Structure formats: C-alpha cells, structure tokens
Amino acid sequence: MVQATPFLLVLFLALGAQGLSVKKCSLTGMWINDLGSNMTITTVDANGDFTGAYWTAVSATPKEIEVSPLLGSQHLPNQLNQPTFGFTVNWSFSDSITVFTGQCFVDDDGKEVLKTMWLLRSRVESIKSDWKATRVGTNIFTRLQS
Ligand code: BTN
C-alpha cells in the first residue's frame, strides 16, 4: 500500500493534467458547412436543449431561401469531451424538414468541427411517391467566429 501511493499520485496528476488540456467543444456560436450554409446556435440550456437559426446555401425546391428556425438537444455529461447532438430544421420557405445528428469534435489543430449526418424529408402529394421523399447526406461544420 505504501509503495502504491506514489504511483497512484503520479497517475492521478497525469490524468488530471490531461483532463485540463482537452479543449471544450461547444455548440454555441456561428457555423458554416461544406455547402456554404450558415447556422447560429444561440444558447444551450442546463438540460442541453438549444435553439438557433439556419440559412441554407442550397435547396431542393425552386422557392426563395429564407432563414429557418432550428431546435436541438445535446448530451451534457460529455460537454467537456466532444458531445453528441441532434437538431431539426423546420424550413420556413418549403414543406420540408431536415434532421441532423452529429458530434462536436476538437481536431488535431485544436479547432472545433461538427461532423453531421442528415435526413431531408420533402412533402410529396401521395403515398405512392413516398419512396422518393427522403434524401440523406453528411455535412461538416466549422466555426465562423470564435
Ligand atoms: C428544402 O430544400 O426543402 C429545404 C432546404 C434543405 C437544405 C438541405 S438540408 C441538408 C443540406 N445541408 C444544408 O446545409 N442544406 C441542405
């Protein structure tokens, strides 16, 4: 027990130092993705719930693009360690909905990056067209302003 104490102390200090050096990945702020779309996440509350606004650079419809609201949720216990999250965008200018799911990472350069996957559900006239109503893809977001 006496011999184990210094070892445990060194281990504890090493783990503690590592924990302090890990940069926090936070969803709050302004982001741009690989398509040129922008989103702003205003605040994440104590439950991990958040709201924001999304401006898409592209659309599956010919309608004029408008800023649209987003509503999401993130895991809180992992806040210091790259949390997972999901959010929904209810498009203001079309009858579609997109759900995103992803994880907030700190890359090797210390920059925050959101790796996401999405499903875009478009409205179709009848159940016969259901098969073509859902698109799937990925987006990578980086921070616009720190
Ligand atoms: C629509 O076309 O009905 C609404 C706009 C959808 C934009 C999609 S959502 C997934 C992908 N990522 C983006 O930033 N924009 C497109």
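Where a number appears in this text, it was derived from the coordinates with a stated rule and is not lab data. Note that this is a predicted model, so its numbers are computed, not measured. Positions of Cβ are backbone-derived with ideal geometry, glycine not excepted, and every protein chain shown enters the neighbour counts.
Contact map, segment 25-48: first residue within 23 Å of Asn78 (Cα to Cα), second residue among the basic types (Lys, Arg), Cβ cut-off under 8 Å, separation 6 or more or different chains; pairs are Gly29/Arg143; Met30/Arg143; Trp31/Arg143.
This table checks each residue for (1) under 15 Å from Ile140 (Cβ atoms); (2) more than 13 Å from the ligand (Cβ to nearest atom); (3) in contact with a Ser or Thr (Cβ under 9 Å, 6 or more places away or on another chain).
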{"site": "Trp31", "(1), (2), (3)": "yes, no, yes"}
{"site": "Ser37", "(1), (2), (3)": "yes, no, yes"}
{"site": "Asn47", "(1), (2), (3)": "no, yes, yes"}
{"site": "Trp55", "(1), (2), (3)": "no, no, yes"}
{"site": "Thr61", "(1), (2), (3)": "no, no, yes"}
{"site": "Ile65", "(1), (2), (3)": "no, no, yes"}
{"site": "Ser68", "(1), (2), (3)": "no, no, yes"}
{"site": "Thr98", "(1), (2), (3)": "no, no, yes"}
{"site": "Cys104", "(1), (2), (3)": "yes, yes, yes"}
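Filtering segment 67-77 to residues that are buried (at least 16 other Cβ atoms within 10 Å of the Cβ) and farther than 19 Å from Gly102 by Cα leaves only Ser68. Considered as a group, the residues in segment 52-66 that are surrounded by 15 or more Cβ atoms within 10 Å (Cβ to Cβ) and touching a strand residue (DSSP E or B) at 6+ places or on another chain (Cβ under 6 Å) include one that is nearest to Arg123 (Cα to Cα), and that residue is Tyr54.
Taking into account only those residues within segment 106-129 that are in a helix (DSSP H, G or I) and either closer than 19 Å to Trp91 by Cβ or hydrophobic (A, V, I, L, M, F, W, C) (or both), which is nearest to the ligand (Cβ to nearest atom)? Step through it out loud before you land on a result.
The first filter runs over segment 106-129 and keeps only residues in a helix (DSSP H, G or I), leaving 127-129.
If we keep only those that are either closer than 19 Å to Trp91 by Cβ or hydrophobic (A, V, I, L, M, F, W, C) (or both) as well, we get 127, 129.
Values: Ile127: 20, Ser129: 15 Å.
My answer is Ser129.
Among the conditions (1) among the β-branched types (Val, Ile, Thr); (2) out of contact with any Ser or Thr (no Cβ under 9 Å at 6 or more places or on another chain); (3) without any contact (Cβ under 8 Å) to a residue 40 or more places away in the chain, Val113 misses just one, which is (2).
Residues in segment 78-95 that are more than 15 Å from Gly137 (Cα to Cα), within 9 Å of the ligand (Cβ to nearest atom) and crowded, with 16+ Cβ neighbours inside 10 Å: 2 in all.
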